[in-house]
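A.B. asks: This is the structure I have questions about; it appears just below.
The values are calculated or read from the model by the stated rules, or taken from the named source; none is laboratory data. What you see is a predicted model; the values in this text were computed from it and never measured. Note that we place each Cβ from the backbone using ideal geometry, even for glycine, and neighbour counts take in every protein chain shown. The accessibility values were calculated without ligands, DNA or RNA, using every heavy atom of the protein model including side chains. Shrake-Rupley method; radii C 1.70, N 1.55, O 1.52, S 1.80 Å.
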Amino acid sequence: MSIHKSVKKVTTHQLREMKSRGEKIAMLTAYDYSMAKILDMSGIDVLLVGDSASNVMAGNETTLPITLDQMIYHATSVVKAVERALVVVDLPFGRYQGNSSEALRSSIRIMKESGAHAVKMEGGIEIQESIVRVINSGVPVMGHLGLTPQSIYKFGTYTVRAKEEEEAQKLIEDAVLLEKCGCFGIVLEKIPAALAKKVAETVAIPIIGIGAGAGIDGQVLVMHDMLGITQDFKPRFLRQYVDLNEIISSAVNNYIKDVKSNDFPNDQESY
Ligand code: KIV
């Protein structure tokens with residue numbers, strides 16, 4: 001039986017079992033109560049309160065400006081809606097790169113104030129101390145390697161990462177390290193499919209990809225992108241399942257027309 005039917009609440013342990021039996025993991029981002037409810041009721045396995053909220057909710061160009069308080073606000077709204085999915089929350093830029101005590105304090109705030117189930121951090125060996133400290137406190141941590149958007153100014157481009165041997169080798173070493181540190185899973189973003197597959201075969205923890213091909217344990221997309229709410233972001237890896245922008249615009253146009261023509265409200269819609 002699929003996990004959608006058999007499991008009441010998805011846990012990090014169940015994600016690992018899904019990998020062992022070859023069942024793919026479906027993950028999407030969520031930032032608010034109403035959408036999180038729809039995604040959870042639809043059977044999504046993991047909801048990521050991504051710092052992509054900085055882009056799609058707050059209108060920033062990058063993920064860097066979003067604050068811990070803003071992430072906790074989004075996470076709290078999502079957790080209230082969720083009955084089944086595992087809720088993972090991004091630690092925002094600046095909260096774990098420099099100081100493992102701050103990483104621990106921030107993770108504990110997220111867990112206590114929002115009720116989320118896990119946190120995610122971007123990077124490998126450079127942030128090992130923060131990852132170990134947070135996991136040792138009992139908070140599950142998901143890693144994130146490849147194109148890590150919090151480092152976009154270092155990369156200088158959103159192009160595919162780890163195409164060269166040296167960066168690919170470091171990525172594999174980082175993935176092995178994250179597993180050793182106790183991470184329960186890793187997101188791989190925008191790297192060659194063959195490299196992602198090799199990582200998934202090398203480690204026992206689930207590898208969830210975005211722009212990392214099909215040879216891994218699951219997929220994640222930004223909800224606004226896959227629903228066609230975002231208009232100006234169409235990378236090759238994105239499959240848009242519906243054009244919500246078009247559907248919403250058309251509904252709003254009809255509403256405006258009805259209001260202007262005095263067609264709305266009619267007698268049945270009035271008291
Ligand atoms: O913040 C986010 O939405 C993410 C996904 C792209 C994996 O980290």
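A.B. asks: Place a point 7 Å from Cα of His13 in the direction of its Cβ. Which residues in segment 173-217 have their backbone N less than 19 Å from it?
C.D. replies: 182-185, 204-206
A.B. asks: Oh, and also: Name the residue, out of Lys154, Lys180, Lys197, whose mean-square fluctuation peaks in a Gaussian network model built on the chain with Cα pairs under 10 Å.
C.D. replies: Lys154
A.B. asks: With a bin width of 10 angstrom, please list the P(r) values of the chain as percents of all Cα-Cα pairs, from the 0 bin to the one holding the largest distance.
C.D. replies: Going from the shortest bin to the longest, the percentages are 7, 29, 36, 18, 6, 4, 1, 0.
A.B. asks: Also: How large a share of the accessible area of the chain, in percent, is made up of carbon and sulfur atoms when the probe is 1.4 Å and the other protein chains stay in place?
C.D. replies: C and S atoms contribute 54 percent here.
A.B. asks: With a cut-off of at most 13 other beta carbons within 10 Å, and DSSP calling the residue loop, which GluC sites (Glu not before Pro) in segment 1-79 qualify? Please list them.
C.D. replies: Glu61
A.B. asks: Here's a follow-up. Under 17 Å between alpha carbons, and skipping anything fewer than 8 positions from Lys80 in its own chain: which lysines qualify?
C.D. replies: Candidates past the 8-residue exclusion: Lys8, Lys9, Lys37, Lys112.
A.B. asks: If you roll a 1.4 Å probe over the heavy atoms of the protein chains, what accessible area per residue do you get for the chain, in Å²?
C.D. replies: That works out to 51 Å² for each residue.
A.B. asks: Take Glu129 and Ile247, extend 7 Å from each Cα along the Cα→Cβ direction, and tell me the distance between the two endpoints in nm.
C.D. replies: Rounded to a tenth, the inter-label distance reads 4.9 nm.
A.B. asks: OK, next. Determine the distance separating the Cα centre of segment 200-232 from the Cα centre of segment 51-78; give it in Å without decimals.
C.D. replies: Centre-to-centre distance over Cα atoms comes out at 20 Å.
A.B. asks: Taking a label point 7 Å from the Cα of Thr157 along the Cα→Cβ vector, which residues of segment 168-197 have an amide N closer than 17 Å to it?
C.D. replies: 168, 190-192
A.B. asks: Can I ask one more? For the chain, with a Gaussian network of springs between Cα atoms less than 10 Å apart, report the residue from Gly213, Gly146, Gly228 with the top mean-square fluctuation.
C.D. replies: The residue with the greatest mean-square fluctuation here is Gly228.
A.B. asks: Using 0.36 nm per residue of separation minus the Cα-Cα distance, give me the extension gain between Thr62 and Leu238 in nm, one decimal.
C.D. replies: 61.5 nm
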